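Everything below concerns the one structure shown next.
The values are calculated or read from the model by the stated rules, or taken from the named source; none is laboratory data. Keep in mind that what you see is a predicted model, and the values were worked out from it rather than measured. Glycine gets a Cβ as well: all are built from the backbone with ideal geometry, and neighbour counts include every protein chain shown.
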């Protein structure tokens with residue numbers, strides 16, 4: 001599968017496994033899973049056919065490991081705007097995590113902290129490089145440092161997805177460090 005097709009399929013999956021499953025007539029279970037055959041059939045009926053082999057390639061080769069494929073089912077690992085329970089246990093975070101954003105968002109973040117916006121959780125990266133890539137999707141990246149250790153000691157709950165993305169309900173401004 002060529003790169004352009006892989007990107008298109010990944011974006012299609014993100015849209016329907018994270019945000020709008022009903023748009024193509026699929027229903028995610030309580031943990032975000034949908035049978036692969038049901039997804040493939042629904043996509044074909046709605047004008048975006050793909051094969052199981054293509055789906056497996058996108059799941060295996062996605063640089064961020066966005067999707068989990070097991071026992072004939074698939075789900076997005078995180079980033080949902082639809083209500084699901086990923087079933088992730090609470091986890092003690094490393095001392096510091098990172099969040100990539102863009103300059104136009106910094107003033108609001110200084111005032112309000114990090115909020116999940118349309119998602120269920122704030123997404124944090126384990127390293128600056130990953131956070132910079134995330135921020136770069138919307139412009140020149142600004143990488144914020146999150147004092148996750150202090151947040152955890154203050155009672156904030158963290159979860160880590162199987163692809164290493166750290167999730168928390170919100171990050172109050174007092175736990176953020178801004179560059180320069």
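Please go through region 11-27 and pick out each residue that is at pLDDT 95 or above and either crowded, with 16+ Cβ neighbours inside 10 Å or part of a strand (DSSP E or B) (or both). Across region 11-27, the qualifying residues are 12, 13, 16, 17, 21, 24, 26.
Picking from residues in region 145-165 that are in contact with a helix residue (DSSP H, G or I) (Cβ under 7 Å, 6 or more places away or on another chain) and closer than 23 Å to residue 64 by Cβ, the one that is surrounded by the fewest Cβ atoms within 10 Å (Cβ to Cβ) is 158.
Selection of region 70-81 for residues being more than 12 Å from the chain's Cα centre (by Cα) and surrounded by fewer than 16 Cβ atoms within 10 Å (Cβ to Cβ) yields 70, 71, 72.
Of all the strands (runs of 3 or more DSSP E) wholly in region 94-159, which have at least 2 residues that are within 14 Å of residue 178 (Cβ to Cβ)?
Details: elements: 97-102, 122-124, 141-146.
Fully inside region 94-159 and qualifying: 97-102, 141-146.
In region 36-55, is there at least one residue being in a loop (DSSP other than H, G, I, E, B), within 15 Å of the chain's Cα centre (by Cα) and either surrounded by fewer than 19 Cβ atoms within 10 Å (Cβ to Cβ) or not assigned by TED's automatic domain parsing to the domain that holds residue 156 (or both)? Looking for residues that are in a loop (DSSP other than H, G, I, E, B), within 15 Å of the chain's Cα centre (by Cα) and either surrounded by fewer than 19 Cβ atoms within 10 Å (Cβ to Cβ) or not assigned by TED's automatic domain parsing to the domain that holds residue 156 (or both), one finds none in region 36-55, hence no.
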